[in-house]
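The structure appears below as structure tokens.
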Amino acid sequence: MHSIQIKNSCHTVRNFVSFKQSKTQNNKIENKTNNNKTAALTGLSCLGATAAAIIAIRSKNKNAAKALFRPYEEQLYNFKAYLEKAQEANIKTAKDYLANCVEKNILGTGQNSKVYKFNNPIMDNWVIKVNSGRTNLNENCFNELKQIPDEFEGFNMGQPIASFGNEIYILKKINAKPHSIPNWAHHRRSNIDIKPQEADSFLNDIKKIAAFPQEAFDEYAKKLKLLDDKGYKADNFNPNNYLIDYNRKELFIIDFYKYDVDAHINTKYDLFCPLVDYANYTRFYNALQENKKPEFIKTTNILYQKCTKAAENIGLNTSEETFRDYMNRIETRLNLGRFYSGSFDEMKKICSNFINS
């Protein structure tokens, strides 16, 4: 049973007991103003958090302050807090980490990764993400824990705060429900039929979301704008990458990547399309009873209008052409035919009274 090396920007230590942040680092965490527009590459859906209190946001620039979204207690989720809680939970060796990465602890599975919860509830503010490339988990995978600079310091986007190599990450948790059908990637790509009860459940969910105040959609758009300002693209294809906190009326985006061409910038459709699961929209519509279809379209219209207004309020791109360019590029790269753009056109046909270019 071997100990784990822990690296941060200052020094390397063994185990969690010896770790101390420098006074300079602590001052940076305490004094840093939160008027930066930042983003981070994150993992899969099914991440969650228990953010409770509100921290004060100070900004000399009033316009910059408006660009920020709902904060939370950073000190409960940062790397320092993680090390302290891991020590309290007696997670000190590679074997301790490996014990968490078991089938019963899987919170979600996507095309590129799996996410595991920790066995000990003390660790409930974090999860372990394992990339799909790491197929043979063993103790050797957990040799050195390295701190990752937090591009979202002060906010929770499900971002990584530490890693073991390039395939295992410690992520902040978001306490919210992945949108649409569980295990969406497998379900949609396997073309599994949508059952009437699944369509009813989805309709109920989007009705609740549509009832969120406009301010909730504006906050949602601010998160996407933060991604856009840093050159990150939201993965809008899989709605499981969008998490919903129905109690706090808050929407989260937890899977995004660096875009490589300007066509991959985010638009209002990256807000709207995942909320109605556009790749499954026609399939949901067809699975509903006839008397429920008008309500489905009406709810879709409410979401479309609120997302459009939020995009305009925050300054997001609203071009359908830009969104189509993105879909076409991804379909060409992955040889998907018209998997997404065709679904979008089918949805647009059903909703032709209000979705227009």
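Derivation of every value follows stated rules applied to the coordinates shown; laboratory data play no part. If you're wondering where the values come from, they're calculated on a predicted model, not measured in any experiment. Glycine gets a Cβ as well: all are built from the backbone with ideal geometry, and neighbour counts include every protein chain shown.
Derived from the Cα gyration tensor, the three semi-axes of the equivalent ellipsoid of the range 67-169 are 22, 16, 13 Å, largest first.
Sorting the segments 75-83, 170-178 by their mean number of nearby beta carbons within 10 angstrom, highest to lowest, gives 170-178, 75-83. In this structure, the amide hydrogen of ARG134, modeled 1.01 Å from its nitrogen in the peptide plane, lies closer than 5 angstrom to no residue at least 5 positions away or on a different chain.
Considering only ASN105, ASN136, PRO121, and ranking their Cα positions along the charge dipole of the range 95-136 that arises from unit charges at the beta-carbon of Lys, Arg, Asp and Glu, the one farthest toward the positive end is ASN136. Fully extending the segment from ASN291 to LEU336, taken as 0.36 nm per residue of separation minus the present Cα-Cα distance, adds 12.8 nm.
Once Rh is set to the Kirkwood radius over Cα pairs, what Stokes-Einstein translational diffusion coefficient, in µm²/s, holds for the range 177-350 at a temperature of 20 °C and a viscosity of 1.002 mPa s? So the translational diffusion coefficient is about 132 µm²/s. When LEU334, LEU316 are arranged by Cβ crowding within 10 Å, least crowded first, meaning fewest neighbours, the order is LEU334, LEU316.
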